[in-house]
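The values are calculated or read from the model by the stated rules, or taken from the named source; none is laboratory data. This is a predicted model, so every value here is computed, not measured. Cβ: placed from backbone, ideal geometry, glycine included. Neighbour counts: every protein chain shown. Please note that ligands, DNA and RNA were not included when accessible areas were found on the heavy atoms of the full protein model with its side chains. Shrake-Rupley method; radii C 1.70, N 1.55, O 1.52, S 1.80 Å.
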Amino acid sequence: MLLRILAVAFSVGALAALASCGEKAPQLPRLGPGDVVLAFGDSITYGTGASAEEAYPSVLSNLLSRQVVGAGVPRETTADGLERLPAVLDDVEPRLMLLCMGGNDMLRKGDASLTESNLRSMVRIAAERGVAVVLIGVPEPVLFGTTAAFYGAIAKDYHLPFENKILEELLFDGQLKSDPIHPNARGYRRLAEAMAELLRKAGAV
């Protein structure tokens, strides 16, 4: 009897593992030559610590040979971004949005559940306009901090392509930073390269 129970348990576990392996990675619509990408966020998207030409949206635009509009506002929280987003989407009319926000909420010790709720609302607003979303995870502002867990939950629930390592890499490499928080030109290029790779893997380009 015990052997039969173990055999059944093993079979169920094996099927679950196979199902997990078979789950398709999130894909994006193929970007046409005239399609616009919106990079929406705070100071990381703005490019604090580098020139406008060195900010990651500008570098990514060159890497993709597509128009990438940078819409980053330094010191902005997710509540601010949620209020600003609809007008930006209406103005830019992007096919794809790269969403990178939440760092200022965490720096100000804001309620994590509210930050998550604001990000989810931004994803929904974009989806309602037919705009695909890529989520960029932001590390928690603590020693050896990793990407806050709610980013992964949002990406899973909405089946979004998710970049959750590049900002951790930049945070812990002093040669890629202009100050304790922001990348320098080399760091922004690494961010742009990581996003270009993700977009290619997801079928956008």
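Things to note:
- Solvent exposure, largest accessible area first (probe 1.4 Å, DNA, RNA and ligands not counted), of PHE150, PHE40: PHE150, PHE40
- Relative to the longest principal axis of the Cα atoms of the chain, helix 2-22 runs at roughly 30 degrees.
- When the chain is treated as a Gaussian network with alpha carbon springs shorter than 10 Å, the biggest mean-square fluctuation among PRO86, PRO139, PRO183 belongs to PRO86.
- The chain, relative contact order [Cα under 8 Å, separation at least 6], %: 25 percent
- The candidates ARG189, ARG95, arranged from most to least accessible area with a 1.4 Å probe in the full protein assembly, appear as ARG189, ARG95.
- What the phi angles of segment 184-193 give under the Karplus curve with 6.51, -1.76 and 1.60, with θ = phi - 60°, is a coupling list of 9, 4, 5, x, 5, 5, 4, 4, 4, 5 Hz, glycine and proline written as x.
- Per residue, the accessible area of segment 39-110 comes to 43 Å² when a 1.4 Å probe rolls over the protein heavy atoms.
- Formal net charge of residues neighbouring THR48 (Cβ-Cβ distance under 13 Å; K, R +1; D, E -1): -2
- The chain: angle of helix 78-92 to the longest principal axis, Cα-based, in degrees nearest 10: 70 degrees
- Pairwise centroid distance, computed over Cα atoms, of segment 90-143 with segment 181-205, Å: 17 Å
- GNM result for the chain, Cα springs below 10 Å: residue of LEU60, LEU98, LEU176 fluctuating most strongly: LEU176
- Neighbour net charge for ASP35 - beta-carbon separation under 11 angstrom, K R +1, D E -1: +2
- Ordered by solvent-accessible area of protein heavy atoms (1.4 Å probe), largest first, the residues SER65, SER121, SER51 come out as SER65, SER51, SER121.
- Of [x] 18.4; [y] 17.9; [z] 19.8, the label for Kirkwood radius over Cα pairs in Å derived from the coordinates: [y]
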